[in-house]
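Asks: This is the structure, below, for whatever I ask next.
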Amino acid sequence: MLWAEDILLLLTDQRTGRLVVPWNMADLALAGSVLGQLWRTGRIDVDDPDHPRRPGRIRVVDASPTGDDVLDRVLAALADADRRPVAALHRIKAGIRRALYERLQERGVVSHRQGRVLIVLPIDEWPSRTPDVRAPFEERLGHWWTSSTYREATDDVECASATALLSATGAIAPVARRMGLAPRVRSIQRLAAQVREASWVGSAVNRIRTAQQAATTA
């Protein structure tokens, strides 16, 4: 499973097959997850990544095929020019959610149907066919969120990445509640905000969200 696939399952209600956050936030989380995985696996690098508020340009350092079509597509999109994180996120987010859902459908993890919003507006729904597939990552993430001992004992970079991106897209509360962690939401949000601020990807996604919110209220 790609990190982005784990996040997409977290953001999708198992029964209704609908996103628990706005679609544009889900797309940013998925794009950010792909960038984070490519960075952690040494395929891309970022100038001054220790300065998440002012990260430099993304550079592809290994463009050889990864064996995964989504990762390879993003690498190709990044290879033609240096990109700042915000610009890169906008560039690679298009179509990523549909591509990941279709892969999960092919593997029998979700099914696809068309529903309706306000009776007339069509909407794609992707309910779970095999809910147990998401359980291992949810359990890891739940432990990572609620146990400082577990966090310190494990170098779980996927949980850290997911936490930063869920915080950046405002998804911590709905995801935590669905995982049965409603009483811990506020403490998880505080932890997640710290993780987000230390993440160049999470910080970039958060800047996009903040700008979009400002434009909406202007």
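Asks: For the stretch 46-54, does any single residue satisfy the condition of being within 18 Å of the chain's Cα centre (by Cα) and β-branched (Val, Ile, Thr)?
Replies: no
Asks: Do we find that residue 64 is small (Gly, Ala, Ser), out of contact with any Ser or Thr (no Cβ under 7 Å at 6 or more places or on another chain) and modelled with pLDDT of 90 or more in this structure?
Replies: When the stated conditions are applied, residue 64 passes them.
Asks: Suppose the filter is in a helix (DSSP H, G or I), among the small types (Gly, Ala, Ser) and surrounded by 15 or more Cβ atoms within 10 Å (Cβ to Cβ); does residue 26 pass it?
Replies: It is true that residue 26 is in a helix (DSSP H, G or I), among the small types (Gly, Ala, Ser) and surrounded by 15 or more Cβ atoms within 10 Å (Cβ to Cβ).
Asks: Is there a residue in the stretch 176-194 that is under 23 Å from residue 137 (Cβ atoms), touching a Pro at 6+ places or on another chain (Cβ under 8 Å) and crowded, with 16+ Cβ neighbours inside 10 Å?
Replies: For the stretch 176-194, residues under 23 Å from residue 137 (Cβ atoms), touching a Pro at 6+ places or on another chain (Cβ under 8 Å) and crowded, with 16+ Cβ neighbours inside 10 Å: absent.
Asks: Residue 163 - would you say it is modelled with pLDDT of 95 or more and within 19 Å of the chain's Cα centre (by Cα)?
Replies: Spelling it out, residue 163 is indeed modelled with pLDDT of 95 or more and within 19 Å of the chain's Cα centre (by Cα).
Asks: Next up: Considering the stretch 151-175 alone, what residues qualify as being farther than 19 Å from residue 42 by Cβ and not in a helix (DSSP H, G or I)?
Replies: Residues satisfying the conditions are 154, 169, 170, 171.
Asks: Of all residues in the stretch 109-154 being charged (D, E, K, R), within 21 Å of residue 7 (Cβ to Cβ) and out of contact with any strand residue (DSSP E or B) (no Cβ under 7 Å at 6 or more places or on another chain), which is surrounded by the most Cβ atoms within 10 Å (Cβ to Cβ)?
Replies: Checked the stretch 109-154; the qualifying residue surrounded by the most Cβ atoms within 10 Å (Cβ to Cβ) is 134.
Asks: May I ask you to verify whether residue 13 is over 23 Å from residue 127 (Cα atoms) and of a type in the set (D, E, K, R)?
Replies: no
Asks: Across the stretch 176-209, what is the number of residues that are part of a helix (DSSP H, G or I) and touching an Asp or Glu at 6+ places or on another chain (Cβ under 9 Å)?
Replies: Residues in the stretch 176-209 being part of a helix (DSSP H, G or I) and touching an Asp or Glu at 6+ places or on another chain (Cβ under 9 Å): 4 in total.
Asks: Taking the stretch 104-159 only, how many residues are touching a Leu at 6+ places or on another chain (Cβ under 8 Å) and at pLDDT below 90?
Replies: Result for the stretch 104-159: 0.
Asks: Would a scan of the stretch 93-101 turn up a residue that is assigned to a helix (DSSP H, G or I), more than 24 Å from residue 208 (Cα to Cα) and either within 17 Å of the chain's Cα centre (by Cα) or free of Cβ contacts under 8 Å to residues at least 24 places away in the same chain (or both)? Steps first, please.
Replies: Restricting attention to the stretch 93-101, the residues satisfying the condition of being assigned to a helix (DSSP H, G or I) are 96-101.
If we keep only those that are more than 24 Å from residue 208 (Cα to Cα) too, we end up with none.
No: the stretch 93-101 contains no residue that is assigned to a helix (DSSP H, G or I), more than 24 Å from residue 208 (Cα to Cα) and either within 17 Å of the chain's Cα centre (by Cα) or free of Cβ contacts under 8 Å to residues at least 24 places away in the same chain (or both).
The values are calculated or read from the model by the stated rules, or taken from the named source; none is laboratory data. Quick caveat, the model's predicted, so the values are computed rather than measured. Please note: Cβ atoms are built from the backbone with ideal geometry, for glycine as well, and neighbour counts cover all protein chains shown.
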